[in-house]
1. Which of the residues that make up the range 41-64 are assigned to a loop (DSSP other than H, G, I, E, B) and under 23 Å from I250 (Cβ atoms)?
2. Which one of these is touching a Phe, Trp or Tyr at 6+ places or on another chain (Cβ under 7 Å) and closer than 22 Å to R21 by Cβ: Q62, Q46, Q100, Q71?
3. For the range 295-315, enumerate the residues that are part of a helix (DSSP H, G or I), buried (at least 19 other Cβ atoms within 10 Å of the Cβ) and away from ligand 2 (no atom under 11 Å from the Cβ).
4. Can you say whether R318 is among the charged types (D, E, K, R), closer than 30 Å to G123 by Cβ and under 23 Å from the mean Cα position of the chain (by Cα), as far as the supplied structure shows?
Amino acid sequence: MEPFEDFAHTGPDTLAGQFIRRFWQPVMVSEDLEPMRPQRIQVLGQYFTAYRGEDGRPHLVQDACPHRQTQLYLGWVEDDCIRCFYHGWKFDGEGTCVEQPAENESFKDKVRIEGYPVRDYLGFVFAFLGEGEAPVFPLFPEVDETTDTVTYNCHPVPCNYFQRVENDLDEVHLHFVHRVSTDEIGLSQLPEIDVAERDYGILRKGRRADDGNNVTRTAHIMMPNVLFTVTPASAADPDWNLHIAWRVPIDDETMASFILAVRKGGGEGLVRRPPTDPDPNDITEEVLAGRLRVQDLDPGYRGLFNVQDNVALAGQGRIVDRSLDRLGASDKGVILLRQLWEREMKAIHEGHPIKDWRRPKTSFLDIQSREMELVKS
Ligand code: FES
Ligand SMILES: [Fe+2]
(Lines give C-alpha, C1' and ligand atoms only; values in the text may rest on other atoms or scores of the structure.)
(Ligands and ions follow the chains in the order given, each with its own letter.)
Protein backbone atom coordinates (compact mmCIF):
# COMPACT_ATOMS: atom_id res chain seq x y z
CA MET A 1 0.00 0.00 0.00
CA GLU A 2 1.27 3.48 -0.83
CA PRO A 3 1.48 5.77 2.24
CA PHE A 4 -1.22 8.02 0.71
CA GLU A 5 -3.63 5.07 0.59
CA ASP A 6 -3.49 4.53 4.34
CA PHE A 7 -6.47 6.41 5.80
CA ALA A 8 -6.57 4.48 9.05
CA HIS A 9 -3.40 5.53 10.86
CA THR A 10 -3.39 9.06 12.20
CA GLY A 11 -0.28 9.49 14.36
CA PRO A 12 1.71 12.71 13.79
CA ASP A 13 4.02 11.07 11.22
CA THR A 14 1.24 9.64 9.02
CA LEU A 15 -0.25 11.37 5.99
CA ALA A 16 -3.85 10.89 7.18
CA GLY A 17 -2.81 12.27 10.57
CA GLN A 18 -1.20 15.29 8.93
CA PHE A 19 -4.27 15.89 6.77
CA ILE A 20 -6.67 15.86 9.72
CA ARG A 21 -4.30 18.06 11.73
CA ARG A 22 -4.76 20.82 9.16
CA PHE A 23 -8.31 21.35 10.47
CA TRP A 24 -9.66 22.42 13.87
CA GLN A 25 -11.01 19.39 15.75
CA PRO A 26 -13.14 19.00 18.88
CA VAL A 27 -11.05 17.24 21.51
CA MET A 28 -13.28 17.09 24.59
CA VAL A 29 -16.54 18.28 26.13
CA SER A 30 -16.02 21.78 27.56
CA GLU A 31 -17.76 21.14 30.88
CA ASP A 32 -15.53 18.10 31.51
CA LEU A 33 -12.57 20.43 31.74
CA GLU A 34 -13.02 22.03 35.12
CA PRO A 35 -10.90 25.04 36.05
CA MET A 36 -7.69 24.12 37.92
CA ARG A 37 -8.08 20.37 37.23
CA PRO A 38 -5.78 19.41 34.36
CA GLN A 39 -6.48 16.29 32.36
CA ARG A 40 -4.55 13.93 30.13
CA ILE A 41 -6.44 13.37 26.88
CA GLN A 42 -5.75 11.28 23.80
CA VAL A 43 -6.51 12.51 20.29
CA LEU A 44 -5.18 11.17 16.98
CA GLY A 45 -3.08 8.64 18.84
CA GLN A 46 -1.26 11.38 20.74
CA TYR A 47 -1.54 12.37 24.40
CA PHE A 48 -1.97 15.98 25.47
CA THR A 49 -2.41 17.98 28.68
CA ALA A 50 -5.66 19.94 28.77
CA TYR A 51 -6.32 22.49 31.48
CA ARG A 52 -8.47 25.50 32.21
CA GLY A 53 -6.81 28.48 33.82
CA GLU A 54 -8.10 30.60 36.69
CA ASP A 55 -9.78 32.92 34.17
CA GLY A 56 -11.70 29.96 32.70
CA ARG A 57 -9.86 29.88 29.36
CA PRO A 58 -8.93 26.41 28.07
CA HIS A 59 -5.35 25.46 27.17
CA LEU A 60 -3.77 22.46 25.51
CA VAL A 61 -0.09 21.65 25.74
CA GLN A 62 2.08 18.59 25.22
CA ASP A 63 1.83 15.53 27.44
CA ALA A 64 5.25 15.16 29.03
CA CYS A 65 7.41 17.70 30.80
CA PRO A 66 10.57 18.35 28.77
CA HIS A 67 12.72 18.16 31.93
CA ARG A 68 12.43 14.47 32.81
CA GLN A 69 9.14 13.44 31.20
CA THR A 70 6.61 13.48 34.03
CA GLN A 71 3.11 13.92 32.64
CA LEU A 72 2.16 17.53 33.02
CA TYR A 73 -1.49 16.89 33.90
CA LEU A 74 -0.29 15.68 37.33
CA GLY A 75 0.81 19.18 38.23
CA TRP A 76 -0.86 22.43 39.31
CA VAL A 77 -2.65 25.15 37.39
CA GLU A 78 -1.47 28.64 38.41
CA ASP A 79 -3.14 31.59 36.65
CA ASP A 80 -3.13 30.43 33.05
CA CYS A 81 0.02 28.31 33.44
CA ILE A 82 0.72 24.72 34.38
CA ARG A 83 3.43 23.76 36.87
CA CYS A 84 5.07 20.32 36.68
CA PHE A 85 4.53 18.04 39.66
CA TYR A 86 8.11 16.75 39.72
CA HIS A 87 10.43 19.79 39.92
CA GLY A 88 8.03 22.67 39.40
CA TRP A 89 8.92 23.88 35.93
CA LYS A 90 6.12 26.16 34.86
CA PHE A 91 4.75 26.77 31.34
CA ASP A 92 2.11 29.02 29.88
CA GLY A 93 -0.55 27.86 27.40
CA GLU A 94 1.56 28.91 24.41
CA GLY A 95 4.36 26.66 25.63
CA THR A 96 6.76 29.28 26.98
CA CYS A 97 8.71 28.20 30.04
CA VAL A 98 8.13 30.92 32.63
CA GLU A 99 9.79 29.42 35.69
CA GLN A 100 12.37 26.75 36.67
CA PRO A 101 12.72 27.04 40.43
CA ALA A 102 15.98 25.08 40.86
CA GLU A 103 17.74 26.26 37.70
CA ASN A 104 19.76 29.24 36.55
CA GLU A 105 17.58 32.05 35.31
CA SER A 106 18.92 31.84 31.73
CA PHE A 107 18.04 28.15 31.20
CA LYS A 108 14.29 28.66 30.85
CA ASP A 109 14.73 30.67 27.66
CA LYS A 110 16.18 27.57 26.02
CA VAL A 111 13.19 25.35 26.83
CA ARG A 112 9.73 25.32 25.22
CA ILE A 113 6.85 22.92 25.02
CA GLU A 114 4.18 22.54 22.35
CA GLY A 115 1.14 24.71 23.01
CA TYR A 116 -1.89 24.49 20.71
CA PRO A 117 -4.57 27.04 19.79
CA VAL A 118 -7.83 26.13 21.57
CA ARG A 119 -11.29 27.53 22.07
CA ASP A 120 -14.62 26.58 23.59
CA TYR A 121 -17.45 26.43 21.07
CA LEU A 122 -20.93 24.91 21.20
CA GLY A 123 -20.15 22.71 24.18
CA PHE A 124 -16.78 21.39 22.99
CA VAL A 125 -13.14 22.34 23.37
CA PHE A 126 -11.71 22.67 19.85
CA ALA A 127 -7.99 22.56 19.12
CA PHE A 128 -5.73 23.06 16.17
CA LEU A 129 -3.11 20.32 16.41
CA GLY A 130 -1.31 21.01 13.14
CA GLU A 131 1.84 22.92 12.31
CA GLY A 132 2.09 26.61 11.54
CA GLU A 133 -0.69 29.11 11.82
CA ALA A 134 -4.18 27.85 12.57
CA PRO A 135 -6.76 28.25 9.80
CA VAL A 136 -9.81 30.43 10.37
CA PHE A 137 -12.01 28.85 13.02
CA PRO A 138 -15.03 27.20 11.34
CA LEU A 139 -18.19 28.69 12.81
CA PHE A 140 -21.66 27.23 12.39
CA PRO A 141 -24.17 30.09 12.12
CA GLU A 142 -26.85 27.42 11.53
CA VAL A 143 -26.40 26.55 15.20
CA ASP A 144 -25.22 29.88 16.62
CA GLU A 145 -28.26 31.69 15.36
CA THR A 146 -30.92 29.21 16.32
CA THR A 147 -33.35 29.90 19.10
CA ASP A 148 -34.14 26.18 19.28
CA THR A 149 -32.70 23.62 21.64
CA VAL A 150 -29.19 22.45 20.79
CA THR A 151 -28.00 19.24 22.38
CA TYR A 152 -24.40 18.11 22.43
CA ASN A 153 -22.65 14.97 23.49
CA CYS A 154 -19.54 12.95 22.82
CA HIS A 155 -19.32 9.18 22.78
CA PRO A 156 -16.56 6.73 21.93
CA VAL A 157 -17.02 4.29 19.03
CA PRO A 158 -15.07 1.03 19.09
CA CYS A 159 -13.46 1.16 15.63
CA ASN A 160 -11.17 3.19 13.42
CA TYR A 161 -12.58 6.66 12.67
CA PHE A 162 -12.43 6.21 8.88
CA GLN A 163 -14.96 3.39 9.03
CA ARG A 164 -17.30 5.85 10.73
CA VAL A 165 -16.62 8.57 8.14
CA GLU A 166 -17.25 6.10 5.30
CA ASN A 167 -20.53 5.19 6.95
CA ASP A 168 -21.54 8.86 6.73
CA LEU A 169 -21.37 8.48 2.94
CA ASP A 170 -23.33 5.27 2.98
CA GLU A 171 -27.04 5.83 2.81
CA VAL A 172 -27.96 2.29 1.79
CA HIS A 173 -27.06 1.03 5.25
CA LEU A 174 -30.10 2.84 6.71
CA HIS A 175 -32.37 0.36 5.04
CA PHE A 176 -30.72 -2.61 6.75
CA VAL A 177 -28.78 -1.46 9.81
CA HIS A 178 -31.54 0.87 11.04
CA ARG A 179 -34.54 -0.87 9.51
CA VAL A 180 -36.41 -1.12 12.79
CA SER A 181 -36.21 2.63 13.33
CA THR A 182 -36.39 3.89 9.75
CA ASP A 183 -39.52 2.03 8.67
CA GLU A 184 -41.53 4.42 10.80
CA ILE A 185 -40.02 7.60 9.38
CA GLY A 186 -40.32 6.71 5.73
CA LEU A 187 -36.70 5.89 5.00
CA SER A 188 -37.19 2.22 4.43
CA GLN A 189 -36.91 2.41 0.64
CA LEU A 190 -33.54 1.88 -0.93
CA PRO A 191 -32.21 5.23 -2.18
CA GLU A 192 -30.53 6.08 -5.43
CA ILE A 193 -27.20 7.62 -4.46
CA ASP A 194 -25.73 10.74 -5.93
CA VAL A 195 -22.50 12.38 -4.72
CA ALA A 196 -20.49 15.39 -5.86
CA GLU A 197 -17.37 17.20 -4.74
CA ARG A 198 -18.01 20.68 -3.33
CA ASP A 199 -15.83 23.47 -1.87
CA TYR A 200 -16.40 22.06 1.61
CA GLY A 201 -16.22 18.34 0.82
CA ILE A 202 -18.96 16.10 -0.55
CA LEU A 203 -22.64 16.65 -1.16
CA ARG A 204 -24.50 13.38 -0.78
CA LYS A 205 -28.05 12.79 -1.93
CA GLY A 206 -30.20 9.74 -1.53
CA ARG A 207 -33.39 9.87 -3.57
CA ARG A 208 -36.28 7.59 -2.89
CA ALA A 209 -38.88 6.88 -5.51
CA ASP A 210 -42.04 7.12 -3.46
CA ASP A 211 -43.61 10.49 -2.89
CA GLY A 212 -44.09 10.16 0.82
CA ASN A 213 -42.04 12.02 3.36
CA ASN A 214 -38.27 11.81 3.44
CA VAL A 215 -38.07 11.14 -0.25
CA THR A 216 -34.65 12.66 -0.45
CA ARG A 217 -32.02 13.00 2.20
CA THR A 218 -29.16 15.39 1.69
CA ALA A 219 -25.98 15.37 3.69
CA HIS A 220 -22.83 17.43 3.54
CA ILE A 221 -19.52 15.81 4.41
CA MET A 222 -17.20 18.63 5.39
CA MET A 223 -13.59 17.70 4.93
CA PRO A 224 -12.04 15.91 6.54
CA ASN A 225 -14.37 14.27 9.04
CA VAL A 226 -17.57 16.23 9.69
CA LEU A 227 -21.09 15.18 8.79
CA PHE A 228 -23.75 17.88 8.45
CA THR A 229 -27.28 16.60 7.87
CA VAL A 230 -30.76 17.97 7.99
CA THR A 231 -33.37 15.30 8.29
CA PRO A 232 -36.51 16.42 6.47
CA ALA A 233 -39.77 16.48 8.36
CA SER A 234 -41.83 13.33 8.44
CA ALA A 235 -45.23 12.42 9.83
CA ALA A 236 -43.60 10.79 12.84
CA ASP A 237 -41.05 13.55 13.29
CA PRO A 238 -42.57 16.82 12.04
CA ASP A 239 -39.74 19.08 13.20
CA TRP A 240 -36.55 18.86 11.22
CA ASN A 241 -33.43 17.88 12.97
CA LEU A 242 -30.10 19.40 12.23
CA HIS A 243 -27.27 17.10 13.08
CA ILE A 244 -23.52 17.77 13.00
CA ALA A 245 -21.03 15.05 13.87
CA TRP A 246 -17.24 15.17 14.04
CA ARG A 247 -15.55 11.74 13.81
CA VAL A 248 -12.30 12.21 15.69
CA PRO A 249 -9.70 9.46 16.16
CA ILE A 250 -8.78 8.76 19.78
CA ASP A 251 -6.24 6.19 18.66
CA ASP A 252 -6.23 4.00 15.55
CA GLU A 253 -8.77 1.54 16.95
CA THR A 254 -11.15 3.87 18.76
CA MET A 255 -12.78 7.15 17.86
CA ALA A 256 -15.06 9.72 19.41
CA SER A 257 -18.20 11.11 17.81
CA PHE A 258 -18.81 14.71 18.88
CA ILE A 259 -22.44 15.39 18.09
CA LEU A 260 -24.54 18.53 17.96
CA ALA A 261 -28.25 18.33 17.24
CA VAL A 262 -30.73 21.16 16.79
CA ARG A 263 -34.37 20.42 17.16
CA LYS A 264 -37.11 22.89 16.38
CA GLY A 265 -39.00 24.04 19.41
CA GLY A 266 -37.89 23.79 22.99
CA GLY A 267 -35.78 26.93 23.14
CA GLU A 268 -33.67 25.55 25.95
CA GLY A 269 -30.40 26.77 24.46
CA LEU A 270 -27.33 24.56 24.66
CA VAL A 271 -27.91 21.39 26.70
CA ARG A 272 -25.75 18.34 27.23
CA ARG A 273 -27.45 15.14 26.21
CA PRO A 274 -27.27 12.72 29.13
CA PRO A 275 -25.38 9.45 28.59
CA THR A 276 -27.42 6.52 27.36
CA ASP A 277 -28.09 3.77 29.83
CA PRO A 278 -27.17 0.97 29.22
CA ASP A 279 -24.03 2.12 27.44
CA PRO A 280 -24.30 1.32 23.70
CA ASN A 281 -20.66 0.18 23.71
CA ASP A 282 -21.43 -2.47 26.35
CA ILE A 283 -24.34 -3.72 24.26
CA THR A 284 -22.13 -3.67 21.15
CA GLU A 285 -19.57 -5.82 22.94
CA GLU A 286 -22.26 -8.34 23.90
CA VAL A 287 -23.50 -8.49 20.30
CA LEU A 288 -20.01 -8.89 18.84
CA ALA A 289 -19.29 -11.64 21.38
CA GLY A 290 -22.36 -13.50 20.11
CA ARG A 291 -24.27 -13.24 23.40
CA LEU A 292 -26.97 -10.86 22.08
CA ARG A 293 -28.57 -10.16 18.72
CA VAL A 294 -29.28 -6.61 17.54
CA GLN A 295 -32.54 -7.95 16.15
CA ASP A 296 -33.66 -8.79 19.69
CA LEU A 297 -32.99 -5.39 21.24
CA ASP A 298 -35.89 -3.31 22.48
CA PRO A 299 -36.91 -0.98 19.60
CA GLY A 300 -37.52 1.72 22.23
CA TYR A 301 -33.92 1.60 23.53
CA ARG A 302 -32.44 5.09 23.15
CA GLY A 303 -28.99 3.76 22.21
CA LEU A 304 -30.33 1.53 19.45
CA PHE A 305 -29.08 3.68 16.54
CA ASN A 306 -25.57 3.75 18.02
CA VAL A 307 -25.51 0.02 18.66
CA GLN A 308 -26.75 -0.68 15.14
CA ASP A 309 -23.97 1.44 13.59
CA ASN A 310 -21.32 0.20 16.04
CA VAL A 311 -22.10 -3.41 15.28
CA ALA A 312 -21.88 -2.91 11.52
CA LEU A 313 -18.68 -0.88 11.81
CA ALA A 314 -16.79 -2.68 14.58
CA GLY A 315 -18.02 -5.88 12.93
CA GLN A 316 -15.67 -5.03 10.04
CA GLY A 317 -12.78 -5.34 12.50
CA ARG A 318 -11.24 -2.52 14.49
CA ILE A 319 -9.29 -1.49 11.36
CA VAL A 320 -10.84 -2.82 8.19
CA ASP A 321 -8.65 -4.20 5.39
CA ARG A 322 -9.93 -2.14 2.45
CA SER A 323 -7.99 -4.16 -0.09
CA LEU A 324 -10.61 -6.90 0.36
CA ASP A 325 -13.58 -4.64 -0.47
CA ARG A 326 -15.71 -5.25 -3.57
CA LEU A 327 -17.25 -1.83 -4.13
CA GLY A 328 -20.41 -1.46 -6.21
CA ALA A 329 -22.52 1.33 -7.68
CA SER A 330 -24.14 2.12 -4.34
CA ASP A 331 -20.68 2.78 -2.87
CA LYS A 332 -20.24 5.95 -4.95
CA GLY A 333 -19.91 8.05 -1.83
CA VAL A 334 -17.27 5.82 -0.27
CA ILE A 335 -15.37 5.74 -3.58
CA LEU A 336 -15.38 9.53 -3.89
CA LEU A 337 -14.38 9.95 -0.24
CA ARG A 338 -11.40 7.63 -0.70
CA GLN A 339 -10.40 9.38 -3.95
CA LEU A 340 -10.46 12.81 -2.34
CA TRP A 341 -8.51 11.70 0.71
CA GLU A 342 -5.97 9.97 -1.48
CA ARG A 343 -5.59 13.07 -3.64
CA GLU A 344 -5.02 15.29 -0.60
CA MET A 345 -2.67 12.87 1.15
CA LYS A 346 -0.67 12.49 -2.05
CA ALA A 347 -0.34 16.28 -2.25
CA ILE A 348 0.99 16.36 1.31
CA HIS A 349 3.32 13.45 0.52
CA GLU A 350 4.73 15.32 -2.48
CA GLY A 351 4.93 18.65 -0.69
CA HIS A 352 2.17 20.31 -2.73
CA PRO A 353 -0.61 22.49 -1.30
CA ILE A 354 -3.92 20.78 -0.60
CA LYS A 355 -7.28 22.16 -1.73
CA ASP A 356 -8.50 25.17 0.21
CA TRP A 357 -11.49 23.39 1.77
CA ARG A 358 -13.98 25.91 3.08
CA ARG A 359 -17.54 25.91 4.21
CA PRO A 360 -20.07 27.85 2.10
CA LYS A 361 -20.59 31.53 2.90
CA THR A 362 -24.33 30.98 2.87
CA SER A 363 -26.02 28.72 5.37
CA PHE A 364 -26.06 24.98 4.77
CA LEU A 365 -29.79 25.26 5.42
CA ASP A 366 -30.19 27.46 2.31
CA ILE A 367 -28.24 24.96 0.25
CA GLN A 368 -30.44 22.28 1.69
CA SER A 369 -33.65 24.05 0.66
CA ARG A 370 -32.24 24.71 -2.81
CA GLU A 371 -31.35 21.06 -3.27
CA MET A 372 -34.80 20.01 -2.13
CA GLU A 373 -36.40 22.43 -4.63
CA LEU A 374 -34.30 20.99 -7.43
CA VAL A 375 -35.42 17.52 -6.50
CA LYS A 376 -39.08 18.55 -6.53
CA SER A 377 -38.91 20.34 -9.89
S1 FES B 1 10.07 16.50 35.24
FE2 FES B 1 8.95 18.30 35.13
S3 FES B 1 10.08 19.70 36.31
FE4 FES B 1 11.25 17.90 36.35
FE1 LIG C 1 -26.16 4.51 10.71
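The values are calculated or read from the model by the stated rules, or taken from the named source; none is laboratory data. Quick caveat, the model's predicted, so the values are computed rather than measured. Cβ atoms come from the backbone with ideal geometry, glycine included; neighbour counts cover every protein chain shown.
1. L44, G45, D63
2. Q62
3. If the condition is that a residue be part of a helix (DSSP H, G or I), buried (at least 19 other Cβ atoms within 10 Å of the Cβ) and away from ligand 2 (no atom under 11 Å from the Cβ), then A314 is the only one that fits.
4. The answer is yes for R318.
For (1) under 22 Å from the mean Cα position of the chain (by Cα); (2) within 16 Å of ligand 2 (Cβ to nearest atom); (3) buried (at least 22 other Cβ atoms within 10 Å of the Cβ); (4) modelled with pLDDT of 95 or more, each residue gets a yes or a no:
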residue: M28; (1), (2), (3), (4): yes, no, yes, yes
residue: I41; (1), (2), (3), (4): yes, no, no, yes
residue: L44; (1), (2), (3), (4): yes, no, yes, yes
residue: F48; (1), (2), (3), (4): yes, no, yes, yes
residue: Y51; (1), (2), (3), (4): yes, no, yes, yes
residue: L60; (1), (2), (3), (4): yes, no, yes, yes
residue: H67; (1), (2), (3), (4): no, no, no, yes
residue: L74; (1), (2), (3), (4): no, no, no, yes
residue: F85; (1), (2), (3), (4): no, no, no, yes
